[in-house]
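For reference, the structure discussed in these notes is given below.
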Amino acid sequence: MKMSPQEFLDWQSKRITLLAMSGAGKTTLANKLPKAKWFHYSGDYRIGTKYLREPILDNIKRQAMSVPFLRELLLSDSIYISNKITVDNLAPVSTFLGKVGDPVKGGLSLHEFKRRQRLHHQAEIAAMNDVPEFIHKAEDIYGYHHFINDAGGSVCELDSPEVLESLAQNTLIIYIKIPPALEQTIIERAKSDPKPLYYREAFLDEKLAEFMRLKNYASTDVMPPDEFVSWVFPELFKSRLPRYQAIADQYGYTINANDAATVKNEADFIRLIADALAIQS
């Protein structure tokens, strides 16, 4: 969706999709918009509560069944297990993705890891395809006139033009670009606290082979899971930046993460977007 600054300001039902790398301040920026006026849609929350809900629960149950005390209670239907995913707590989604590596250290086999990656890929496409329906429901059921889509950090990895076309037709796509001075900070933060991530399969195959040659690992089953995640993040970071920019260039607009960090309220947010449209239109 392309529009002039004035068209944006006059837009009675503003609908915006935020795209960014993890750490760019996307969710922080979205939270500056009052929830009384804006419907907040989280792609990751939708993934966890709808499309990966059953696989996530299966994963938790599988772990519980390895504990004899819990196994007996589960088999006798004496207890039940549920997850408590919230917009602010998406840990079950992250835990389900897991990390490839030594199972003794909590890693997954490459086969299982790729299975979960494929499930996440399908779920993220489905969650983004749900955006038009939720725009309608937000207004029709709840009376919200404005809509913010806090898209997952791996949307640029989907390789699905149909998803981008749908988002562009129904929302104004805004990419939060990380300035060079902040890039290394985000990379170091991610390396020191490695978290499960989604990777395009071609990227994963290439970088995993490179990592194993470099470290002389004969199999993924002997490599430390955290070591690979820490090593690969800078490569993932570099690979995603041009993908985000290409989406913004074709379908939307770009704002600077430093500028986004100065936003204090809805008025600041609207002004920031309008200024970006003025410069890039």
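We did not get these values from a lab; they are worked out from the coordinates using the rules stated. Just so it is clear, the structure is predicted and the values come from calculations on it, not from any experiment. All Cβ positions, glycine included, derive from the backbone under ideal geometry; neighbour counts span all protein chains shown.
Here is how the numbers come out for the structure above:
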| quantity | calculated |
| --- | --- |
| Length added when fully stretched, Asp159-Ala209, from 0.36 nm per residue minus Cα-Cα | 15.8 nm |
| Ratio of Rg to Rh over segment 83-154 (Cα coordinates, Kirkwood Rh, two decimals) | 1.12 |
| Spatial separation of Cα centroids for segment 142-156 and segment 82-104, in angstrom | 22 Å |
| Two-decimal Rg to Rh for segment 178-228 - Kirkwood Rh, Cα set | 1.03 |
| Debye, to nearest 20: dipole size of the chain, +1 on Lys, Arg Cβ, -1 on Asp, Glu Cβ | 420 debye |
| Spherically averaged projected area in nm², based on the convex hull that wraps the Cα atoms of segment 1-101 | 10.0 nm² |
| Low-density loop positions, chymotrypsin sites (Phe, Trp or Tyr not before Pro), segment 142-223 - DSSP coil, at most 11 other Cβ in 10 Å | Tyr142 |
| As computed over segment 48-181, the Cα convex hull volume per residue (Å³) | 175 Å³ |
| Contact order normalised by residue count of the chain, Cα under 8 Å, 6+ apart, percent | 34 percent |
| Largest-first ellipsoid semi-axes for segment 230-281, taking √(5λ) over the Cα gyration tensor eigenvalues, angstrom | 26, 16, 6 |
| Charge tally in the Cβ shell below 9 Å around Leu172, where Lys, Arg are +1 and Asp, Glu are -1, Leu172 excluded | +3 |
| Mean Kyte hydropathy of -1.0 or more with a Cα span along the axis of at least 24 Å, helices from DSSP in the chain | 225-251 |
| Cα→Cβ-extended label distance, 7 Å offset, between Leu110 and Thr86, nm | 4.0 nm |
| For the chain, alpha-carbon Rg over 2.2 N^0.38 Å | 1.08 |
